[in-house]
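Asks: One structure follows; several queries about it will come next.
A short reminder: the numbers here are calculations on the coordinates, not readings from a lab. Keep in mind that what you see is a predicted model, and the values were worked out from it rather than measured. Every residue, glycine among them, receives a Cβ derived from its backbone with ideal geometry; neighbour counts consider all protein chains shown.
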Amino acid sequence: MDDHKEESKQDRLFAEFPPVSTAEWEAVIAQDLKGADYARKLVWNTREGFPVKPYYRREDLGKLSYLNVFPGNFPYVRSGRIDQNNWFVRQDLPVGDIRQTNKKALTILMNGIDSLGFVLDQRKAPSIDDIEQLMENIYAQVVEVNFVCGVQAPVVVRHYLELVKKYNRDLELIHGSVDFDPIGRLIVGGNWYENEEKDFDTCADILKATRHTPHFRTLAVQATHFKNAGSNIVQEMAFALAYGSEYLTRLTGKGISIDTVAPNIKFHFAVGANYFMEIAKIRAFRLLWSKVVNAYGPSDAEYTRTHIHSVNTQWNKTTYDAHVNMLRTTTESMSAIIGGTNSLTVLPYDAIFENTTDFSERIARNQQMVLKEESYLDKIVDPGAGSYYIENLTDSLIEAAWKLFLEIDEASGFVEAFRKGIIQQQIKTTAEKRDQDVATRREILVGTNQYPNYNEMINPDINSQRLEPADCSGADAIVETLKPYRGAMAFEQLRSETDAYARQHHRPKVFMFTYGSLSMRRARSQFAGNFFACAGYEIIDNNGFKTIESGIEALRKAKPEIVVLCAADEDYPVIAPDIYERIGKEAIVVIAGYPKDTVEELKAKGLKHFIHVKSNVLETLKEFQKLLGLK
């Protein structure tokens with residue numbers, strides 16, 4: 001069919017649907033809102049500091065300058081690839097026994113992995129024999145090989161290159177990395193590997209040593225530190241941009257060409273649950289980094305490409321109801337892949353609370369395999385392109401992250417801003433707000449602060465340190481460090497106290513005293529059940545009692561520590577004082593809801609515990625832990 005006929009066919013099809021202007025859409029929305037505030041009801045004010053409209057149209061793309069750029073072209077917002085969206089499927093392996101690690105690596109290579117991450121013990125330098133045994137029967141020209149080795153990177157690079165030459169491998173086909181990162185050491189450890197000047201000299205030495213291996217990257221920018229400490233996406237992007245820019249400035253200042261420095265940097269990003277925002281993040285960051293590198297005057301636009309490795313964030317992963325972590329990592333991985341990450345590690349669902357098992361590692365591998373082999377996410381470059389929503393998110397992130405990056409630049413760069421505590425304070429402010437949102441259930445962690453399984457009990461063998469923020473600060477720390485933590489930790493600590501108590505005593509019981517209106521009693525019993533199950537208490541629900549006497553008879557048989565009255569607001573002044581007077585010395589009496597017209601009257605009669613949608617769930621449950629003697 002020629003173009004004219006195809007166009008004519010489309011004209012006939014769309015003629016049945018007359019165009020609707022934005023003004024007409026807005027008029028209908030205003031009518032449906034019935035006078036309610038448009039911004040409060042429909043505009044999402046993101047944690048990143050910019051608003052998101054309820055819908056976008058073609059006209060919202062008019063201001064975007066990069067829409068006509070093809071994939072593979074500067075500024076690479078639409079990917080550095082041209083015709084496919086393939087990525088390296090990576091699994092990291094802690095290196096203990098070298099022979100066993102090599103055997104495991106060969107096994108997983110047969111199961112779809114094409115990128116290995118060997119996590120070495122940084123306390124000792126490996127020998128060349130160690131590296132050779134680790135790489136036995138692994139063909140480096142077809143497998144991406146990464147060494148997570150930190151301070152030992154210079155030694156690993158030297159040995160690895162010697163082995164590559166020994167086995168006559170084509171240097172152009174060697175893909176992989178080491179993660180030498182003195183700035184990252186400052187961020188989480190509080191000091192340099194040796195000292196500031198020496199560490200950047202070592203960076204320069206490594207770059208010179210690997211000048212003939214264009215796809216073996218040696219410098220890491222660990223943006224994961226920001227995400228896992230509670231930052232928002234704009235902070236994560238801006239700080240990563242400033243962090244990478246610091247390497248460019250320091251190393252070009254030592255006489256290393258930007259053509260050498262920029263391609264050697266690999267960015268490590270943690271991917272969170274904000275599905276579309278995470279897609280936009282990777283797209284936006286590629287544009288920003290290409291602009292930064294371009295300012296240094298590279299000889300070719302090729303050197304402005306961004307190389308991104310993604311891994312699932314630990315921040316939203318949970319110890320309780322841990323299988324939900326598989327669902328979280330799946331949607332997060334989709335974001336990274338659709339955004340165009342170069343490689344991806346899927347975090348096994350149990351990685352945050354135990355040594356991973358063969359089962360959890362296999363599931364993590366197969367998540368990527370399904371997304372590639374069965375969902376075909378490797379077939380289309382930049383599938384989000386042209387989406388009014390994703391394109392506008394991308395643009396908003398570009399603008400907001402660039403503004404924050406300039407603020408860090410004005411503070412004399414990343415390292416100086418970190419010395420002054422500017423970066424730590426910004427992340428801390430965001431993290432505190434996120435913690436408050438989790439505590440009040442404005443941010444939901446399924447299975448932890450909402451819809452928990454109260455029959456579940458934490459494994460007593462879990463190291464209690466897994467439930468606390470990680471402080472990797474060295475004894476010689478010269479700056480305040482970032483401390484990775486998980487948003488669920490506070491709830492997990494509280495619930496683990498209940499579990500510990502239940503091993504020696506019976507688990508505290510919460511009895512739902514349901515009465516009156518069917519809809520109200522059911523809604524409030526479900527709310528209260530979820531509320532108290534977050535602390536790991538046993539929930540005793542009831543269909544509804546016809547009389548107060550029958551309810552009291554049932555609860556005395558159950559012998560609960562807490563009784564929650566679940567009824568309509570207008571029933572509370574009638575039933576609550578009577579029930580409290582009769583069983584107030586036997587159990588803690590709680591009212592589900594906050595009947596504002598009679599609350600003072602109820603308080604005057606001794607009823608002082610109310611749970612409702614505006615409650616701080618975490619702090620309220622801590623109070624009950626104290627009342628029950630569990631804390």
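Asks: Using modelled backbone amide H atoms (1.01 Å from N, in-plane), which distant-in-sequence or interchain residues come within less than 5 Å of F545's amide H?
Replies: Excluding prolines and chain starts, which carry no amide H, the hits are T514, Y515, G516.
Asks: Another one. Tell me the mean residue ellipticity at 222 nm calculated for the chain from its helices only (DSSP H runs of n ≥ 4, each -39500 (n - 2.57), averaged over every residue, nearest 500).
Replies: Mean residue ellipticity at 222 nm (helix-derived): -14000 deg cm²/dmol.
Asks: Under a 5 Å amide H to amide H cut-off, with H placed in plane at 1.01 Å, what residues pair with F269 once short-range neighbours are removed?
Replies: So F269 has HN proximity to H309, S310, V311.
Asks: Report, for the chain, the % of DSSP beta bridges that are antiparallel, rounded to 5.
Replies: Percent antiparallel among DSSP bridges in the chain is about 5.
Asks: Okay, moving on. Could you name the lysines whose alpha carbon sits less than 22 Å from that of K603, not counting residues in the same chain fewer than 8 places away?
Replies: K585, K614, K622, K626
Asks: When the C-alpha atoms of segment 187-285 are aligned to their principal axes, what extent does each axis show, in angstrom, from largest down?
Replies: Largest to smallest, the principal-axis extents are 40, 30, 19 Å.
Asks: Using alpha carbon centroids, what distance separates segment 554-575 and segment 356-428, in Å?
Replies: When both Cα centres are located, 48 Å separates them.
Asks: Of the cross-linked pairs K227/K254; K281/K403; K420/K483; K198/K254; K227/K266, which ones have a Cα-Cα span greater than 20 Å in the structure shown?
Replies: Flagged as over cut-off: K227/K254.
Asks: Under 5 Å between amide H atoms, partner at least 5 residues away or on a different chain: which partners does S387 have, H built in plane at 1.01 Å?
Replies: none
Asks: Could you rank the peptides 270-280, 383-393 by their average count of other C-beta atoms within 10 Å per residue, with the highest value first?
Replies: 270-280, 383-393
Asks: Can you work out ³J(HN,Hα) from phi for every residue in segment 132-145, in order, using Karplus 6.51 cos²θ - 1.76 cosθ + 1.60 and θ = phi - 60°, giving whole Hz and x for Gly and Pro?
Replies: 5, 5, 4, 9, 4, 6, 9, 8, 5, 7, 10, 10, 6, 10
Asks: In addition: What FRET efficiency do you get for L173 and F17 if R0 is 56 Å and r is their Cβ-Cβ distance, rounded to the nearest 0.05?
Replies: For R0 = 56 Å, the calculated efficiency reads 0.60.
Asks: Could I have the simple spin-label model distance between Y275 and Q100, label points 7 Å from Cα toward Cβ, reported in nm to one decimal?
Replies: Label at Y275, label at Q100, 4.0 nm between them.
Asks: When the chain is fully extended, how far beyond the present Cα-Cα distance does E623 get from N86, taking 0.36 nm per residue of separation?
Replies: The E623-N86 span can extend by a further 188.2 nm.
Asks: Which shape class, rounded, prolate or oblate, goes with segment 506-627 when its Cα gyration tensor gives a ≥ b ≥ c as root eigenvalues, a/c under 1.5 marks rounded, and past that a/b bigger than b/c marks prolate?
Replies: Since a/c stays below 1.5, the shape of segment 506-627 is classed as rounded.
Asks: If each residue of separation counts as 0.36 nm, what is the full-extension length gain between D471 and A502 once their alpha-carbon separation is subtracted?
Replies: Net length gain for the segment: 8.2 nm.
Asks: Show me 598-606, 329-337, 424-432 ranked by packing, highest mean number of other Cβ atoms within 10 Å first.
Replies: 329-337, 424-432, 598-606
Asks: Extending each Cα 7 Å along its Cβ direction at W44 and K614, get the distance between those two points in nm, one decimal.
Replies: The answer from the label model is 2.5 nm.
Asks: While we're here: Take the Cα of Y594, step 7 Å along the line toward its Cβ, and report every residue of segment 603-631 whose backbone nitrogen sits under 20 Å from that point.
Replies: Residues 603-625 fall inside that zone.
Asks: With θ taken as phi - 60° and the coefficients 6.51, -1.76 and 1.60, list the Karplus ³J(HN,Hα) couplings across segment 184-198 in order, rounded to whole Hz; mark glycine and proline as x.
Replies: Using θ = phi - 60°, the values come out as x, 4, 5, 5, 9, x, x, 7, 7, 4, 10, 7, 4, 5, 5 Hz.
Asks: Right, here's the next one. I'd like the distance between the alpha-carbon centres of segment 19-74 and segment 118-162, rounded to an integer number of Å.
Replies: Using only Cα atoms, the two centres lie 50 Å from each other.
Asks: Same structure again: Test of understanding: ordering W44, W192, W289, W315 by Cβ neighbours within 10 Å, fewest first, what list do you get?
Replies: The order, fewest Cβ neighbours first, is W44, W192, W315, W289.
Asks: Could I ask something else about it? Can you give the FRET efficiency for N453 and D541, using 1/(1 + (r/R0)^6), R0 = 22 Å, r = Cβ-Cβ distance, to the nearest 0.05?
Replies: That pair, N453 with D541, gives E of 0.90.
Asks: Based only on other Cβ atoms within 10 Å, what is the fewest-to-most ordering of K631, K626?
Replies: Lowest count first: K626, K631.
Asks: Moving on. Could you work out the relative contact order of the chain? I mean the mean sequence separation of Cα pairs under 8 Å and 6+ apart, divided by the number of residues, in percent.
Replies: 13
Asks: Let me ask another. Which of V148, V346 has the fewest other C-beta atoms within 10 Å, and how do the rest follow up to the most?
Replies: V148, V346
Asks: Read phi for every residue in segment 319-331 and hand back ³J(HN,Hα) as whole Hz from Karplus 6.51 cos²θ - 1.76 cosθ + 1.60, θ = phi - 60°, with x for Gly and Pro.
Replies: Ordered by residue, 3J(HN,Hα) equals 7, 7, 6, 5, 5, 4, 4, 5, 5, 4, 5, 5, 5 Hz.
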